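Structure, as structure tokens:
The values are calculated or read from the model by the stated rules, or taken from the named source; none is laboratory data. The structure displayed is predicted, hence computed values, not measured ones. Using ideal geometry, Cβ is built from the backbone for each residue, glycine included, and neighbour counts are taken over all protein chains shown.
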Ligand code: ADP
Ligand code: MG
């Protein structure tokens, strides 16, 4: 046993002493690993094995473990990655066996000692190598984990993006536009509302294509500036569809910026609010109508009382002064009667209950109005033509009020023709509706003017009062009718009035 110990101690010392020499031999082989050229590391291993070889198994393993951990630490700290092939076990083993071989030439040892020693060297080298394999395996696992986590995250993001796109497509009218405002993408809903098929949208200028002419330049410029500056813009826009109809969209424009901070495209996310807008407009008009109704009733009441007094007073005056009788009384009485008449007429519109509905022949009413206005039109070099193919069409309504509507409208047409022209009145029936169209080739109106029609006191005339259409709208509404206006400046105006007509056979 002692001999054995001596052998181990001697060989251990040899290995330790020859360490740097052995290391150089390994370096000469130029194995391409992180520390294959690091002589210090190699010689430290030989030193470690030399130490361990003379110790018992437990202590020997401890020494090898310390060495391996230290080396792994050095590699990791220097930013390298530990790989199992970094540990040149086979080269170390060969070098140590060479060293033992050299020794036993001079100091023959029993074969069992030799085998025991080689076994020990082999076991320790294997033990050292396990540190490198375990460590590199751990790294590999981490890498794999990270990789999986990474791809998982990417997969979620892609899925989320897909879901978001789907939700946006389902819920909104969507278009993507490049930096020149040319459409690069539009979803089905966008095609539906604009009534343009997709190929007719792509590459077209968003604004030019859908411009309804409703918004002024400042409004449109504001959108442009927001996009250019990369700000989100929100607002309500009136657009024009392919068939010329208008629609309102609640719009959010989101600009996208490139690395230089320039907008390279923007997305328009829109919702159809046409119906809300119409309802809102209706409410707005109805409110105003109600207001005027109250106003008129109030005014009439205020004026009627003093008028009655004045009339009575003038009647008495009649008896006192013979001279003034013809000079004043008649004129004043006529004037007062006229004022009273006007107020009474106005009350028809202000008080809804002051009228009663029955069957009335709309053809007869139009013909009567035509007769009434023809002399005035003739004097102004205006030709009013009637385009009626039927003798009678009945609607349920109030004759005087309907007369008032057509008087107002045809008078407006006459006033829109200061230099003469043509007015064409036509009546057609369509489905359950009778459509009366009054068309003139007069001064026409801008979009802003059309928008204002029906507002009380809206007039562009020096002598106008701006109540004619307001009253007409209210009457038409009461008759469950609808009114549409087409107009263009200097081209002319057409009013279409629809009423449900009565089927006489019912
Ligand atoms: P008024 O005739 O007293 O001005 P209305 O309510 O009848 O009031 O009409 C309001 C305004 O609508 C007019 O002042 C005019 O500007 C416009 N308008 C109505 N009808 C026509 C028409 N046929 N052509 C051009 N403008 C019209
Ligand atoms: Mg008028």
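Selection of the stretch 478-491 for residues being without any contact (Cβ under 8 Å) to a residue 60 or more places away in the chain and either in contact with a strand residue (DSSP E or B) (Cβ under 7 Å, 6 or more places away or on another chain) or near ligand 1 (Cβ under 8 Å from one of its atoms) (or both) yields 480, 481, 482, 483, 484, 485, 486, 487. Within the stretch 427-458, being within 14 Å of ligand 2 (Cβ to nearest atom) and either at pLDDT below 90 or surrounded by 18 or more Cβ atoms within 10 Å (Cβ to Cβ) (or both) holds for 438, 440, 442, 443, 445, 453, 454, 455, 456, 457, 458.
What about residue 499, is it buried (at least 18 other Cβ atoms within 10 Å of the Cβ), within 12 Å of ligand 1 (Cβ to nearest atom), at pLDDT 90 or above and farther than 21 Å from residue 215 by Cα? Criteria not met by residue 499. Going through (1) under 15 Å from the mean Cα position of the chain (by Cα); (2) over 26 Å from residue 229 (Cα atoms) one by one, residue 143 falls short only on (1).
State all residues of the stretch 459-491 that are more than 16 Å from ligand 2 (Cβ to nearest atom), surrounded by 15 or more Cβ atoms within 10 Å (Cβ to Cβ) and within 23 Å of residue 421 (Cα to Cα); if no residue qualifies, say none. Listed by number, the list holds a single entry, 486. In the set (1) within 18 Å of residue 177 (Cβ to Cβ); (2) out of contact with any strand residue (DSSP E or B) (no Cβ under 8 Å at 6 or more places or on another chain); (3) at pLDDT below 90, the condition left unmet by residue 217 is number (1).
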